[in-house]
Amino acid sequence: MTEFIFAKSLVFILLAAFTGGFIARSLKLPTLVGYLVSGMIIGSFASKLEIASVTKNIAEIGVVLLLFTIGLEFSMAKLKEFGEVIIFGSLIQILLTIGISMLLFPLLGFNFYEALFLGATFSLSSTAVSLKILSDKGELETVHGEISSGWLFMQDLYTLPLLIILLTVGMLVKGEESGFSSLFLLAKSLLFAFVSFTVIIYLGKRIVPYFIEKIADCRSRELVLIAAVFFCFSVSYLFEFFGLSYALGAFVSGMILSSSSSHHGIFAEVRPLRDLFGTIFFVSLGFVISPVFLFTILPKIIILVIIIISVKFIVSFLLIILMGFHSKVATLVSLSLISIGEFAFILGILGVSLQIISPEIQMIILSSSFVTLTLSVPIISYSDKFYYQINYFIKKRIPILASWFSSFDKIPCASEFILHDHVVVLGHGRIGRYICDVLVSTQIPYVVVDYNHKLVKHLRERGVCVIYGDPAEIDVLEFAHMRTAKAVILAYADRHTQETVVTNILTLNSEIKIICRAHFDEDQQKLKSLGADTVVQPEFEAAISMAEKLLNLLYKDSSKIEEKLRKLRNYQGLE
């Protein structure tokens, strides 16, 4: 019955993946955690079912497709506005995390290379988990959301040279290379990394998109999918042929195709394959985690997790603060980086396969990653509350430190502002910008409050009355002359602080008119009950506008159109 081993193994793996993923989602945990746990459970009797040997090759396909899609999603446009903090901040954070790890981990019994390898893997964060939570919170377009997403993508990009250096140093430590040959090997590897980036840029702009677009002209989804997957596995094979990682080749091939105008279509076609094979990959990782081993070294895992979360948070926070950003931005970005990312799993597998780390170190990597992923979900989800709790604690218990942070948060403001019967605009994003344009055209006095220091500097150069600070802080609202203002606009998308802002506004001025922006239906009634006069939902207003244009095309009776739109607004409670 050996011909049914593959089918039987696949049934058990997919059943375990579905069960683990379903339970994880029910508990509001990442499905990745469910896959790992389910794999760990069935891993104890995997050999009896002959599953482990069957899943190895399938899991490798999952690694290739996972890294291929990560490469496809990489976009240089994310570096446009916050390029300095994203590029240099992420690089310095990785280097400092590795350096600190190499100082601390030997105290826990790890040797030089183990400390280096662990530091490198732990320095990377989970792009998938962090961006998914930020997207669910509607914060990808906020200052901290854009910095976090760019930072995470840069970490993925730095994996290219990081992989090469780790593998080269690993061979040096093993003694396979020595002396000048070792230095030559490292120099060659670094040179290859540099040449790879050059080739990526050239191919991405010139050659590959041309062929992909020619194939896309055939208007066949199947041909585009086959061509993309063929290119991915071909580059992966070439990288492995030249002594590098096939996973590295998959990431590079994705980056090349990311410059193609068809990369969104390619991603949409490849994603189902990636999800399927990637699920098998993560379940197979659970096979490696032994529950007995995990509980045996649990104290060491706890210490490692505390060290790495603390180091990554403190390093990232200080870097962002020193680059001139508000402490709130620094806190929210740093909290989104505390997890250990998916690349750690891949680095662990590569390290064991090349025999540069032991299976025990791989299990420590998997266990630590599992714990940080589980912890990061509630931490990132409630990061705003964590910020205000930390901020309150520091102000109350460590006033010296609070004073130091304040020196960065408060750019000298124009205390000569004399405002009365004005409008306070909280947030100068896309919506806030349009509102300010209307206020300028109607000659209504206004003041802007924002904690994007680059935006504040730009607005001041234009002569706009603007205050740098967090709108949730009552002192900042005081400086905006909230007591004498006629109306206030909450134009930013931070739903978690809007309640505090509305309460503080009404504390200062109970007669003021408050207009709020809200993305979620459940926020509407909550904000109105707190005292907001009007709550605007941008998506709903866009739907109303489109519905009105549609009805004008289909009906001629304007009174009926108005009646239908009014009923829709009444149904939503907006009138």
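Observations on the structure shown:
- Tally of residues being within 20 Å of His481 (Cβ to Cβ) and either of a type outside the set (Phe, Trp, Tyr) or in a helix (DSSP H, G or I) (or both) across the range 492-515: 16
- Top-ranked residue of the range 437-468 - restricted to ones that are assigned to a strand (DSSP E or B) and over 25 Å from the mean Cα position of the chain (by Cα), ranked as modelled with the lowest pLDDT: Tyr468
- Filter result for Phe343 (aromatic (Phe, Trp, Tyr) and in a helix (DSSP H, G or I)): yes
- Yes/no for Val333 being farther than 30 Å from Asn452 by Cα and either surrounded by 15 or more Cβ atoms within 10 Å (Cβ to Cβ) or touching a strand residue (DSSP E or B) at 6+ places or on another chain (Cβ under 8 Å) (or both): no
Every residue, every condition in (1) crowded, with 24+ Cβ neighbours inside 10 Å; (2) assigned by TED's automatic domain parsing to the domain that holds Val252; (3) over 18 Å from Ala330 (Cβ atoms); (4) of a type in the set (S, T, N, Q), yes or no:
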{"residue": "Thr121", "(1), (2), (3), (4)": "yes, yes, yes, yes"}
{"residue": "Ser125", "(1), (2), (3), (4)": "yes, yes, no, yes"}
{"residue": "Glu141", "(1), (2), (3), (4)": "no, yes, yes, no"}
{"residue": "Trp151", "(1), (2), (3), (4)": "yes, yes, no, no"}
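- Residue tally, condition charged (D, E, K, R) and surrounded by fewer than 18 Cβ atoms within 10 Å (Cβ to Cβ), over the range 460-511: 9
- If you go through the range 405-436 and keep only what is at pLDDT below 75 and among the aromatic types (Phe, Trp, Tyr), you end up with Phe405, Phe408, Phe417.
- Test: residue in the range 372-386 that is of a type in the set (Lys, Arg) and at pLDDT below 80: no
- Filtering the range 516-564 to residues that are among the polar types (S, T, N, Q), closer than 23 Å to Val423 by Cα and either touching a residue at least 40 places away in the same chain (Cβ under 8 Å) or not in a helix (DSSP H, G or I) (or both) leaves Gln524, Thr534, Gln537.
- Qualifying residue in the range 124-135 (condition: part of a helix (DSSP H, G or I), touching a residue at least 40 places away in the same chain (Cβ under 8 Å) and in contact with a strand residue (DSSP E or B) (Cβ under 9 Å, 6 or more places away or on another chain)): no
- The helices (runs of 4 or more DSSP H) located wholly in the range 1-119 that include 2 or more residues which are out of contact with any helix residue (DSSP H, G or I) (no Cβ under 7 Å at 6 or more places or on another chain) and modelled with pLDDT of 80 or more occupy 5-26, 83-104.
- Condition check for Ala532: at pLDDT 75 or above and assigned by TED's automatic domain parsing to the domain that holds Tyr492: yes
- Among residues of the range 282-330, those that are surrounded by 24 or more Cβ atoms within 10 Å (Cβ to Cβ) and either over 29 Å from Ser149 (Cβ atoms) or free of Cβ contacts under 8 Å to residues at least 60 places away in the same chain (or both), counted: 1
- Among (1) of a type in the set (Gly, Ala, Ser); (2) over 18 Å from Leu162 (Cβ atoms); (3) at pLDDT 75 or above, the one test that Ser259 misses: (3)
The values are calculated or read from the model by the stated rules, or taken from the named source; none is laboratory data. None of the values given here were measured: they were computed from a predicted structure. Note that we place each Cβ from the backbone using ideal geometry, even for glycine, and neighbour counts take in every protein chain shown.
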